[in-house]
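The values are calculated or read from the model by the stated rules, or taken from the named source; none is laboratory data. Every value quoted in this text rests on a predicted model; they were computed, and no experiment measured them. Neighbour counts run over all protein chains shown; Cβ positions are idealised from the backbone, glycine included. In case anyone asks, the SASA skips ligands and DNA or RNA and just uses the protein heavy atoms, side chains included. Shrake-Rupley method; radii C 1.70, N 1.55, O 1.52, S 1.80 Å.
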Amino acid sequence: MNFFANFPVADLERSKAFFTALGWSINEAVTDDNAACFILDDDLYLMALRRDYYASLGDGSKQVGDPATTSLVTFAFDFPTRADVDAFVAKAEAAGAKLGGTDDYGFMYQRQFDDPDGNHFAPFWTATDGTSAG
């Protein structure tokens, strides 16, 4: 099964620059002037859509929220180590992300950031073997 998470952005070119700076490549087969598809992993994709195009999806009856002012969704995904989380967040900061807090529960370590549009991301590491080292 493929998974595509779609979200609205104000500036598609800015989003392309931001997400490719994180190390995600663009799937050109489903990228055009309305949307950019970023490959996170096999069968796992993020789709940044121009706000007007995003609004046209479905029956068009819902108002498109503004991630700069309203929390819409948090994109959370794991990394093998705490250091990998920190390295990824450093890339995001260098690309223009607004950094948020850090949660460290021993068995789980999570960082927060918003992309230039305000979409929220929460990369994390969690112990899978019962340890609290990362």
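Observations
- Scanning the range 100-126 for residues that are open to solvent by 30 Å² or more (accessible area, probe 1.4 Å), of a type in the set (A, V, I, L, M, F, W, C) and in contact (Cβ under 8 Å) with a residue 24 or more places away in the chain yields PHE107, PHE124.
- Residue match in the range 63-77 (condition: open to solvent by 70 Å² or more (accessible area, probe 1.4 Å) and in contact with a Ser or Thr (Cβ under 9 Å, 6 or more places away or on another chain)): no
- Taking the range 27-55 as the range and being over 15 Å from ALA5 (Cβ atoms) and in a strand (DSSP E or B) as the test, only ARG50 passes.
- Among the residues listed as ALA55, ALA90, the single one being surrounded by 12 or more Cβ atoms within 10 Å (Cβ to Cβ), more than 25 Å from TRP125 (Cβ to Cβ) and not charged (D, E, K, R): ALA55
- Positions within the range 1-42 being farther than 20 Å from PHE113 by Cα, of a type in the set (A, V, I, L, M) and open to solvent by less than 60 Å² (accessible area, probe 1.4 Å), in sequence order: ILE26, ALA35, ALA36
- THR81 being more than 18 Å from ALA35 (Cβ to Cβ), open to solvent by 70 Å² or more (accessible area, probe 1.4 Å) and of a type outside the set (D, E, K, R): no
- Pair list, Cβ < 9 Å and 6+ apart or interchain, from the range 52-76 residues that are more than 23 Å from GLN112 (Cβ to Cβ) and among the acidic types (Asp, Glu) to residues that are assigned to a loop (DSSP other than H, G, I, E, B) and modelled with pLDDT under 90: ASP52/VAL64
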